[in-house]
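Only the coordinates and a few stated rules stand behind these numbers; no lab work does. Quantities reported herein were computed from a predicted structural model and do not represent experimental measurements. Cβ atoms come from the backbone with ideal geometry, glycine included; neighbour counts cover every protein chain shown.
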Amino acid sequence: MSPVHASVCTPVVTSRGTLTTAATNQLTGTIDATGCDIGDYIISSGSVSALIVHDANQYGIFVDSQLGTITVSISGATVSNVGAHTGTAFTPNGVQTGIGIIFDSGPGGPLASGSIDSSTISAYQKGGIVINHDSDVSTTNNVVTGLGPVNFIAQNGIEYARDAVGTIRRNTVSGNFYSGNTGVLANGSPCGGSNPACPPGRQFVSTGILLVLIDPNNIKRGQNDASDNQHPFAIVTDNAFD
């Protein structure tokens, strides 16, 4: 399949609002998503193989089950430069978007299930992989690499949130580290980053693997290398880290 260049971005109504996409249900090839919110918007069951997506503004690959239950397997994908752009240049900032691969359905939507295997996700603004809202997905053998220490956003490598379930195994997650501040304490010292004096659960920190509003017993995990992150792993019971 020949590369897709997003000279025209197509409007789509997603579970996260009206956005634009460079491609819909593309299973392989290359997508240049420059100027579009989404690289590949997937709303049908299928197997994605060796797909390359780069330079989307909000989501590299968005698997959205809002229209009905779907199962999508993603293998050997490469996703990069997802987040804010200045012209064609990737210029990440503190806006809480910029996700490499996401499975979602919106609150109460139909089930999205599937897998992400042997894929490479890098240069994302907020998160590498997000599995959200009751989705059932296995993430295995992936390489997820953040921006390294940055002071403008708290990145997360792999996040399962809001009753999502699945398996997280044999992934290599690194380079997620927030070096900025999130306010000041009563004594005037900064609250944020790794300051131990900040109220528990209210620091803005980066994690390699993050579980939010989820029963950790519903996640099978192990054999992950989550080194070189501010925190390798975290479980939180509210949206403080998200």
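Remarks
- Averaged over residues, the count of other Cβ atoms within 10 Å places the peptides 70-78, 33-41 in the sequence 33-41, 70-78, highest first.
- Contour excess over end-to-end distance, with Cα ends at residue 28 and residue 86 and 0.36 nm allotted per residue: 18.2 nm
- Within the range 130-166, backbone nitrogen closer than 19 Å to the virtual label 7 Å beyond the Cα of residue 227 toward Cβ: 141-149, 157-158
- Residues with amide H under 5 Å from that of residue 171, placed H, sequence gap 5 or more: 141, 142, 224, 225
- Summing Cβ point charges (Lys, Arg +1; Asp, Glu -1) relative to the Cα centre of the chain gives a dipole of roughly 280 debye.
- Each Lys or Arg adds one and each Asp or Glu subtracts one; over the other residues with Cβ under 12 Å from the Cβ of residue 62, this totals -3.
- Using every pair of separate Cα atoms, the Kirkwood estimate puts the hydrodynamic radius of the chain at 17.7 angstrom.
- The label point for residue 50 and the one for residue 179, both projected 7 Å from the Cα toward the Cβ, are 3.8 nm apart.
- Inter-probe distance in nm under a simple model that places probes 7 Å from Cα toward Cβ, at residue 67 and residue 10: 0.9
- For the chain, with +1 on Lys and Arg beta carbons and -1 on Asp and Glu, the positive-most of 26, 72, 118 along the dipole: 118
- Neighbour net charge for residue 88 - beta-carbon separation under 10 angstrom, K R +1, D E -1: -2
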